[in-house]
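The values are calculated or read from the model by the stated rules, or taken from the named source; none is laboratory data. Only a predicted model underlies this, so the values are computations on that prediction, with no experimental measurement involved. For neighbour counting, all protein chains shown are included, and Cβ atoms are generated from backbone atoms with ideal geometry for every residue, glycine included.
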Amino acid sequence: MPGINFFLKSDLRNLLLAAGILLVLTIHPAQSLSQPIKQGSLEYLKHTNGVKDIILGADVSSIPGYKIGYMDGDYHVDADSCLKLNYKDSDLKLGDDLPLDLIGIRTFKNKVVNIYLFFKKADGYKVLQSMLDSYGLFTDRPDNYKDIYNWNTKQVSLSLMYDANVDLGVAVFTCNNLQKEIVIRKQKLALMMQLLSSQF
């Protein structure tokens, strides 16, 4: 004879079915629950979302104060209302062995919108190889005759540029949401100025 637990479970099931509630249990393989993001893909670019302890979109105050200063001593905002800072670290390297000349940070409303990695042009190919190893094949190359490589995702973009005619190359990481906000703000300001000038 079935025990009381059987009847309770049956009654509960019938009650839920009568109320139109369907319970679905989905079981995923354990390996798919927490797979680490592997290097060599755009997913890794989105996952890292920055360099060292500089995170795109994060408040600049999350970086220790002794590690940042005003770029060239200029504490004024630029035409986009952004501040340019430099990152001070005794070990300015990309990965383990690629020396960097400078790491720059551009902020908008105190949030990190760009990270600039400046390197000697002679290291351009090594930097490209490091980016390919970390983020996979670039998504576009605007000019086949120039060393410009882009990795684009919805959240973050990376542009690598090095030219034989300049001393330094640069890799620029961009928080796309903040960059869009800057563009929209500029468009609104331009429209406002146009309206004001049309009234005089």
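Numerical summary
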{"quantity": "Number of the condition not met by residue 39 [criteria: (1) over 20 Å from residue 108 (Cα atoms); (2) modelled with pLDDT of 95 or more]", "calculated": "(2)"}
{"quantity": "So residue 127, is it in contact (Cβ under 8 Å) with a residue 24 or more places away in the chain, of a type in the set (Val, Ile, Thr) and assigned to a helix (DSSP H, G or I)", "calculated": "yes"}
{"quantity": "When residues of region 173-200 are limited to those that are surrounded by fewer than 17 Cβ atoms within 10 Å (Cβ to Cβ) and not in a helix (DSSP H, G or I), the one nearest to the chain's Cα centre (by Cα)", "calculated": "199"}
{"quantity": "Meets criteria (more than 20 Å from the chain's Cα centre (by Cα) and surrounded by 12 or more Cβ atoms within 10 Å (Cβ to Cβ)) for residue 133", "calculated": "no"}
